[in-house]
């Protein structure tokens, strides 16, 4: 598991993943090599899964962002989830206990493109029975 | 809007947000100052909303991750959404057209802590009528 | 009630409401004054409720078209329906036996504007309990 | 896109699609040839999809108007939607993100005829899994 | 409880409640006074709740028959059910474990009259929260 | 259609279907032959579908009364409805626009017998996809 | 935590809670005092919450067993759950992420008694909004 | 059926199934052989289905307890229910009139193991169409 020092580093990186080790060290009054070792350890242990950037979809031409619930043949649950991961249009795939056993997020240029992705990509995966999209109106916190 | 060069840079940063400008420049056969200017412009225009790290919740002690649908008094929709953003336990808040008009993600140590956050934090926001949690069983792609 | 001649005229006008009486007369091998009298009678009897044009919303800047189910306090059903008619943003209002007792169509520039119309216009009508929007992805026949 | 002059013309035509160019010109203090050119341009660009008349169904013998949600095999979504357009009984067909991925409107003489259209026309389209009709009790604004 | 002779009489009367005691006696090879005594006993013990006629609603002007699910404030369940019994428009009232805790059947001349009964009669009963009508398209067996 | 005299007779018969023509005549100040002719005409025209008795199920050993929603393959809607009529256990069959396209009422001795009727009788009809029983807790008005 | 020996003892006791320590000892080839100490430790640590008997409700006069979903005001979730525990009629109370945030099991003599418990006991708890009972038809494994 | 003495014994045993006959006898002022005979009779008649222990799942490593609704092909209802009983991971199996016709309880070590049990064990039973898990957050009364 992680200790409170790790948690402090993680919090800073979640807020700004572009902070240099030097900046983090100064903020937490540590020396830079401690931070470097900690971050490397957190990546190796899989605590940090990846560094990334959060993009505003509408500014890169994606006007229709949808969270899609996917109903599947129960024995194909993990199969379908894996195939959804392989579709480049999916940004997120998870299994869940909600109304649908798989949730995935798709970015599309408009409703027409979303319809097409649903029927020609997601819908063609064997074992998919029903697809229930919900449009994200506005993301207020990410 | 952005051009195809911007999109290439964004794609690299989404995959690995810790890439240095030099590494990005080499991969895209650009010079480092072009990359630096582009990334700064993308941040200023709000295309890049933030640099961050994706954390595996179970490795920092959060064994119960829930996507929570929140039903609200319609005139208080934006108010409630804003107050949810201010609760530190929420990792994500969005308005949506799905079964529930607000979706939020919560990380809790176990079911008991989730029950408590639901009834003592989210439930106490004025205008919240119903709370529908779905537990994330496994995140396969983020 | 209407006779088969009326039905023929109505069908032509539904397909193209800009047809002149002369053109309709020629197509149905009638004389122009018969068509004129019939159309005037159909308007007076309320068979034809109005002549109108069907617009493509995305071409006038409305990128988010939603069919909205509205749940109401039962004794305020007709009141709420009437007040929805008075909001200029609604294009259609009907009472129904579906999942929601009122259905209304809204055109908005984007998701953010739709959220605002929902919470600040529809949501503020007294007697409205819950609002369930469904985004129209593509209208294929109108 | 359209300018504010176009929007003024469109608004007049939505309220009364039988207005002559001369009447529109007078109302907007334009000359008639400007209106004519604008309307023709709006039709060519697909802003105006068609001129039509709105009919009161009960006055032409249709006592049962239903909005029908159609659940489909996901890969057949666009196919089924297209086939629904070809059924003369459908007045409207759209793909949507609501409880059902296709919405269509049907006018029938009575409940028995609606049952028949559902089971013998819509239900026989390959890929249709479930049909959920909601009866329109009263249209208050169209 | 009842014996098999009672059950035979009940079955005949369910199929045709206008059968005379003599006809029933002949069909079951009993004498008429036995049948008379049995039927009177079945009424007294509340096995037969009433003799009635089944009417075809559309032939007496009721074109819109609805089964209505009523959601109520839980402590007012029995109160509301009782008040629904007192409304002359209700033909049937039962408490149930289905999607709604009360089910009632209403006959109306058309959709407009049904809307009015819902909002002005049923909706005004204190404790009624939500009303979900389903239109009966055709009764095939009663 | 029927006139107000017919409606008066129908109302009396709905309340007590065992009234003799003489009794009805006296109550409505008609002569007995008028009543006889009217009732016969009402039966012939199908206004009165049948005379029957309403039975209290628990008093003839049926402790579990269920209203069952049946989901069907859409093209088999009328077929399935017809086959349900032929099962002796069904007391009522109707097509509807509610959550389920067919509603049927079943009387069973207990839950175990109901499970068996559902899986071995109703469930075996070709075209039946899903069966949703709701138990009637108490019938307050019939 | 527990070791594999504890798990073996627990499994035997789940299958038959009336086994004596001597019998368990013999089955697992342990001596009786080890079993006694282990079982006492399991009770003290709260691994074994209680010894009990599983009763067949219909054999003690309870013909209607219901699993009841309870919807509550979110801030009163834990309060309501606690008050449900105090009602003697409840056999089980849990908070859950399903369609309803509280699940409870009630045994009643018949539907009428269940209606009464719902409206007069559960429904009167402050903060309870909606009660959704599902009747258990048959318990096959407990 | 049982008498009030039986009911008293049953109540004591439900509260503490490890009570000896002597202890029960003393509490109810009976002699020990009466209690012994009564308990044996209650077991033989199936009133007591079994003696067992209630375990706290989290204390034996099961952090994810789910109540699972299972939708089945209607003719396979009893078959599927039987096969679910045979899966060792199920702790409870019942047929029900709720949203799902079968309810079963599963204990898993974490979400990943639950996903696997759902797709590889329950999902592979022939006749299972859909699986809807709800996570138990906390059991307050058992």
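Only the coordinates and a few stated rules stand behind these numbers; no lab work does. Because the structure is predicted, anything quoted here is derived from the model rather than measured. Note that we place each Cβ from the backbone using ideal geometry, even for glycine, and neighbour counts take in every protein chain shown.
Relative to the dominant Cα principal axis of chain A, helix A:4-15 is inclined by about 60°. Mean partner shielding of peptide G:34-44, defined as the number of other chain Cβ atoms within 10 Å of each residue Cβ, is 1. Relative to the dominant Cα principal axis of chain F, helix F:32-44 is inclined by about 30°. Counting Cβ atoms of other protein chains within 10 Å of each Cβ in F:116-126 and taking the mean gives 4. Ordering G:87, H:68 from the fewest to the most neighbouring beta carbons within 10 Å gives G:87, H:68. Computed over chain A, the P(r) tail beyond 25 angstrom holds 46 percent of alpha carbon pairs. Chain F residue nearest the rotation axis toward C, with distance: F:97, 3 (Cβ to axis, whole Å). Just the number, please: Stokes-Einstein D of the protein assembly as shown in µm²/s, Kirkwood Rh from C-alpha pairs, 25 °C, 0.890 mPa s. For these conditions, the coefficient is 74 µm²/s.
As a length-normalised measure over Cα pairs under 8 Å and 6 or more apart, the relative contact order of chain E settles at 23 percent. Here the Gaussian network model covers chain G, with springs between Cα atoms less than 10 Å apart; of G:53, G:65, G:39, G:39 fluctuates the most. Average projection, convex hull of the Cα set of region D:8-87: 8.1 square nanometres.
Where does region A:55-99 land on Rg(C-alpha)/(2.2 N^0.38 Å)? Present the calculation step by step, with values, prior to reporting the outcome.
On the way: Rg = 12.8 Å, N = 45, 2.2 N^0.38 = 9.3 Å.
Rg over 2.2 N^0.38 Å, computed on Cα atoms: 1.37.
Show log10 I(q)/I(0) for region D:1-52 at q = 0.32 Å⁻¹, two decimals, from a solvent-free Debye sum over equal Cα scatterers. Debye output, listed in q order: -1.56. Which of G:83, G:50, G:116 moves the most in a Gaussian network model of chain G with Cα springs under 10 Å? In this elastic network of chain G, the residue with the biggest mean-square fluctuation among G:83, G:50, G:116 is G:50.
Each 5 Å bin from zero up to the one holding the largest Cα-Cα distance in region H:73-133 carries the following percent of pairs: 4, 18, 33, 28, 13, 4, 0. For peptide H:23-29, the mean count of partner chain Cβ atoms within 10 Å of a residue's Cβ comes to 0. Peptides D:92-98, G:73-79, ordered by how many other C-beta atoms sit within 10 Å of their residues on average, highest first, read D:92-98, G:73-79.
Averaging Cα coordinates gives a centre for region B:119-142 and one for region D:11-36; these two points are 53 Å apart.
Angle, helix D:77-86 long axis vs. longest principal axis of chain D, Cα atoms, 0 to 90°, nearest 10? In chain D, helix D:77-86 runs at an angle near 70 degrees to the longest axis.
When the helix-only estimate is applied to chain A (DSSP H runs of n ≥ 4, each -39,500 (n - 2.57), divided by the residue count), what is the mean residue ellipticity at 222 nm, nearest 500 deg cm²/dmol?
Working: 5 runs with 49 residues, N = 142.
-10000 deg cm²/dmol, from helical runs alone.
The peptide list F:27-35, B:104-112, put in order of mean Cβ contacts within 10 Å with the highest first, becomes B:104-112, F:27-35. Summary value for region G:1-84: 17 percent relative contact order, contacts being C-alpha pairs under 8 angstrom separated by 6+ residues.
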